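The values are calculated or read from the model by the stated rules, or taken from the named source; none is laboratory data. Note that the coordinates shown come from a computational prediction; the quantities given were computed from them, not determined experimentally. As a convention, Cβ positions derive from the backbone with ideal geometry for all residues, glycine included, and neighbour counts pool all protein chains shown. In case anyone asks, the SASA skips ligands and DNA or RNA and just uses the protein heavy atoms, side chains included. Shrake-Rupley method; radii C 1.70, N 1.55, O 1.52, S 1.80 Å.
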Amino acid sequence: LYAACFIHAFGLCEAVRPSDPEVSLATSGDECNNKVLFFAPVGLSYKSVVARNVRHLVDTGIIDIFLAHYSGNQSEWKSDWHDYFVKYSVFYQGAKVDFVHNELVEQRTFHLTSYCYYWISDENIGFSGMNVIHYLNLAQESGALITQPAVSVSGASLPSHDAVNAFTAPTDLTLSPSGRKVHSRCLYRFTDFVEVMSPMFRGFATLEAAYKLHNRSDHSDWGMDRVWCRYLASQFGTSPNSSCAVVDAEPMNKLPHICSYQSGAGQLANHHVLSQYSEFDQQCMLAPDMEWQPGTVQQCKVEGFEEFAGVRFDPKVQTTYLTAYVKCTFKTGTGMACWSRGAANATARLRWLAIQSFAILAAVAFTISYWKHSQVSGSKSDLEM
């Protein structure tokens, strides 16, 4: 208690936000420690984001932190927040999926099989605006094998695939089975797609089963998220329509990724997964752009009511939730692809388009200049001859 007071007094962690009752993560038949293990491979480029996330997550009192440092040594990461709040850490180079296999599935460094949930996140995610206790309560209530916070589509956050973007605006819903019409919003919704960027697995057995989908020769986790919801449903005898859930009520922020995955390795991993497990491919989105399958209906838990409501999603009705829908794709030297959707991201979209346009114009100007210089040099050589 005294240590906690000292830490708060000197501003080493943020204020505790949860207004929800204490979370009970274990259900009948579960043997776990009523805690969540948060795991993230991290590099120095995101050190400040990681620090904010760690402080905020630890404030819940039920989350332990495991950081796998792929860049930077112990002295470069040494800090008050790291020493106080990070319970487990390793330092070596590797891809995210390799870290998960080594440290969580195979338990090479620590024995960590007793947690109720395993939350595995990318480093470019911001959680400090979330009420994490509320998120955990909703994840537990859903009973899903894998959950994730929805991705915010406002502010500085970059949207993601259609099925995981946050749908928080109130809308007209019809409750089932009563048929009562209400104006409310979704707290969470069942889906057959949860993205690899920040999934939370219910229990070690779920985590272990999910990563059997991955080919260890691949150093990317692409493709797993397309099949793991339906695959796990088949392994654990649950409905494929409720094995995964996206929590809209507590969205996270997706930040630009400085060191993105190599797309070649990702595409290869995706091919390996789908060539073996195509029967479990998700059905809510259309490949390869991963936009809504027209007519998709997902069951959402309606705020303020015990009943669910079927919500229909497709590209034509996306504007029910987003004031605008704009898609642009750009590629950098690292093979990164980015999708910007919604009026809130128009500024960022225009900024990237301006940068891209400037780069193209600079390349054209250089080419013309080089061509003119070559012409002049050639003319001088002719005259000298």
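Details
- The alpha carbon gyration tensor of the range 121-177 gives principal lengths a ≥ b ≥ c with a/c of 1.5 or higher and a/b no greater than b/c, which makes the shape oblate.
- Percent accessible area from carbon and sulfur atoms, the range 80-214, protein chains only, probe 1.4 Å: 48
- Contour minus Cα-Cα distance for residue 91 and residue 205 (0.36 nm per residue): 38.5 nm
- Loop-resident trypsin sites (Lys or Arg not before Pro) (DSSP state other than H, G, I, E or B) in the range 141-200 with no more than 15 further Cβ atoms inside 10 Å of their Cβ: 180.
- Residue pairs, from the table 212/254; 47/96; 47/254; 35/301; 35/212, whose Cα atoms sit over 20 Å apart: 212/254; 35/301; 35/212
- Using the Cβ-Cβ distance between residue 275 and residue 52 with R0 set to 30 Å, the FRET efficiency works out to roughly 0.15.
- Radius 12 Å from Cβ of residue 248, net charge of other residues (Lys, Arg +1; Asp, Glu -1): +1
- Seen through its C-alpha gyration tensor, with square-root eigenvalues sorted a ≥ b ≥ c, the range 47-102 comes out oblate because a/c lies at 1.5 or above while a/b is not bigger than b/c.
- Cα gyration tensor shape of the range 124-245, rounded if a/c is under 1.5, else prolate or oblate by comparing a/b with b/c: oblate
- Distance in nm between pseudo-label sites at residue 212 and residue 364 (7 Å out along the Cβ direction from Cα): 5.6
- Surface exposure of the range 164-257, expressed per residue as accessible area with a 1.4 Å probe, stands at 35 Å².
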